[in-house]
1. Sorting S185, S111, S67 on the 10 Å Cβ count, fewest up front, what's the list?
2. Listing D38, D205 from the residue with the fewest other Cβ atoms within 10 Å to the one with the most, what is the order?
3. Just grab the label-to-label distance for A155 and N206, each label 7 Å out from Cα along the Cβ direction, in nm (one decimal).
4. Run the quick spin-label model on V162 and I43: label points 7 Å from Cα toward the beta carbon, then report their separation in nm to one decimal.
5. Students often check this: by mean Cβ neighbours within 10 Å, which of 43-50, 171-178, 68-75 ranks highest, and how do the rest follow?
6. So what's the gap between the Cα centers of the range 191-212 and the range 33-58, to the nearest angstrom?
7. For each of T151, T209, count neighbouring Cβ atoms within 10 Å of the residue's Cβ, then give the residues from fewest to most.
Amino acid sequence: MGIKSRGFKAARNAAVSGAAVLGLVLGATGTAQAAVDDQNRIISDGLEVVVTQEDTQINGVPALGGSPFNREFFHNGRGTANLIGEGAADAEGTTFQFGYQFAWMGSIDGSIGVTYSTPQLESTLTLDPVTLVEAEVGVTDILPQGHTELTLTPAPGIEELVVAEGEFDGDYKTVQFANVHGVASGVLGSVQVRPFVRAITANGDNVTTYGKAWTV
């Protein structure tokens, strides 16, 4: 099970751990004392749907190759979707999305690409028959990768790019963003990056949280 651009299926309380370019970690527990950057909520079929971004950090870095028309950034943080109310644990078919709004001043054959990796850590639990202590853990599906890209207009513009999305069942999912890597090429001036996290319920209700804009 791994998160893939434009679709994945996740069982409740499954875990995905990421490394390399992007780690998306899907789990069932939150992190204590997280810094909440933005939160939004709606009511859908009697359930409160709460979407949160936490511990967001987007760092612009010098572009490899030294081109004055290129920009690079790395994104770390966490996004959470939480369904609250009677029957929330039995909810099915909620879609989790994450991505960015990008704004640019101008471009020459420009584009913005986001690359990520979503390896799956699968615990193949083996118990010692005498002590009943875990004796072996297996790891599968290391370093599957994906890339999404947005073509820029020559004139200034603002566009939204969904980087990854997936469907989950149950009342809670959290995704850890670890070193998401973005590259803008052929841009004139700076690029603004605003991360978002979105939950879409099975009946189509939509709640989105937009973080602050970061300039790279």
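1. Working: S185 20, S111 14, S67 11.
Lowest to highest Cβ neighbour count: S67, S111, S185.
2. Fewest-to-most ranking of D38, D205: D205, D38.
3. Going by the 7 Å Cα→Cβ label model, 2.4 nm.
4. So the label points at V162 and I43 sit 2.7 nm apart.
5. On the way: 43-50: 16.5, 171-178: 22.1, 68-75: 18.2.
Final packing ranking: 171-178, 68-75, 43-50.
6. With the range 191-212 and the range 33-58 each reduced to a Cα centre, they are spaced 10 Å.
7. If I rank by nearby Cβ atoms, fewest first, I get T151, T209.
Bear in mind these aren't lab numbers, they're just calculated from the coordinates by the rules spelled out. Owing to the predicted nature of the structure, the values given are computational and were not obtained by experimental measurement. Cβ: placed from backbone, ideal geometry, glycine included. Neighbour counts: every protein chain shown.
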